[in-house]
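Report on the following structure.
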Amino acid sequence: MIENNELTVLSGIPARYCLDDIEMVIFSKVGRMGSYTGRMKIMKKGGKFGRTFLFNASAYLMSSLAAQKAAERDDLLASIKASEARLTEIATLKKHIINYSKTRSTYEEYRKAGYSKQFFEAHREEITLHKAAKQAFDELGMKKIPKVKDLNAEYAELLSGKKTAYAEYRKLRDEAQELAIAESNLSSLFESEREEQSRQKEKEH
C-alpha cells in the first residue's frame, strides 16, 4: 500500500519504507505455489536489502476488486438516498402548492380585511395552511411556483430510476459480499500455505 510517499507492506509484521529510500523492488515466483504467489525483496539506495516478503498477488487483486465493488455499491446507495430525499421533497412541495392554491382567495380577503383577528379566527385553518405554504416556498428560494404537472412527471421519473437502481444495488451488494468472503478464504489459504512452508523449512534444519 502506498500513501504519503511511503510504502507499507502488510505481509506478516507490517514494514514501512520511504519511497525516496527505495532503489528497486524485486519480485520472484515461489516454485511450488500459484502463479500469483512469490517473494518480494526491497533494495534500498546504496545496495542494502530490506526484509524479504512472501506475497500473494491474487489476494491483492481480490481485495482490489472487492473494494471496487463495495465503492460502486456505496455510490449507488448514496444516489438512491438522494432520489428518495427528492421524492419526499416533491411530495411535500405538491401538498404546499395545492394548499396555497386552495387558500389563496381566503388569504387575499384576510389581507384586505387588514389582517383582522376576527377574520383570522373564522378562517384559522385556511390561513395557517397558506402561511405554511408560503414559508416553504421562501425556504426553498422559489421565485416561481412549479406546476404540479411538472412535479408529477419528475416524481414518476425518479421513482422509476430508483426501482432500477435498487435492483442494481442488490446485485452489487451481493457481489461485494461474495468477493469479501472469497478474499477472506483466499487469505486464509495463503496463510496456511505459508505456515506449511515454514514448518517444512524447520524440518530441513
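The values are calculated or read from the model by the stated rules, or taken from the named source; none is laboratory data. No experiment lies behind these values; they were computed from the predicted model shown. Neighbour counts run over all protein chains shown; Cβ positions are idealised from the backbone, glycine included.
Go through segment 98-141 and give me each residue that's hydrophobic (A, V, I, L, M, F, W, C) and either in a helix (DSSP H, G or I) or outside the structural domain of ARG86 (by TED's automatic domain parsing) (or both).
Answer for segment 98-141, where residues must be hydrophobic (A, V, I, L, M, F, W, C) and either in a helix (DSSP H, G or I) or outside the structural domain of ARG86 (by TED's automatic domain parsing) (or both): ILE98, PHE119, PHE120, ALA122, ILE127, LEU129, ALA132, ALA133, ALA136, PHE137.
Could you pull out the residue among GLU175, GLU202 that is at pLDDT below 95, under 33 Å from the mean Cα position of the chain (by Cα) and in a helix (DSSP H, G or I)?
GLU175
Quick one: count up the residues across segment 142-152 that are touching a residue at least 24 places away in the same chain (Cβ under 8 Å), among the hydrophobic types (A, V, I, L, M, F, W, C) and assigned to a loop (DSSP other than H, G, I, E, B).
1
Going residue by residue through segment 88-97, is there one that turns out to be over 15 Å from PRO146 (Cβ atoms), in the same structural domain as THR128 (by TED's automatic domain parsing), surrounded by 14 or more Cβ atoms within 10 Å (Cβ to Cβ) and at pLDDT 95 or above?
No; the residues of segment 88-97 include none that is over 15 Å from PRO146 (Cβ atoms), in the same structural domain as THR128 (by TED's automatic domain parsing), surrounded by 14 or more Cβ atoms within 10 Å (Cβ to Cβ) and at pLDDT 95 or above.
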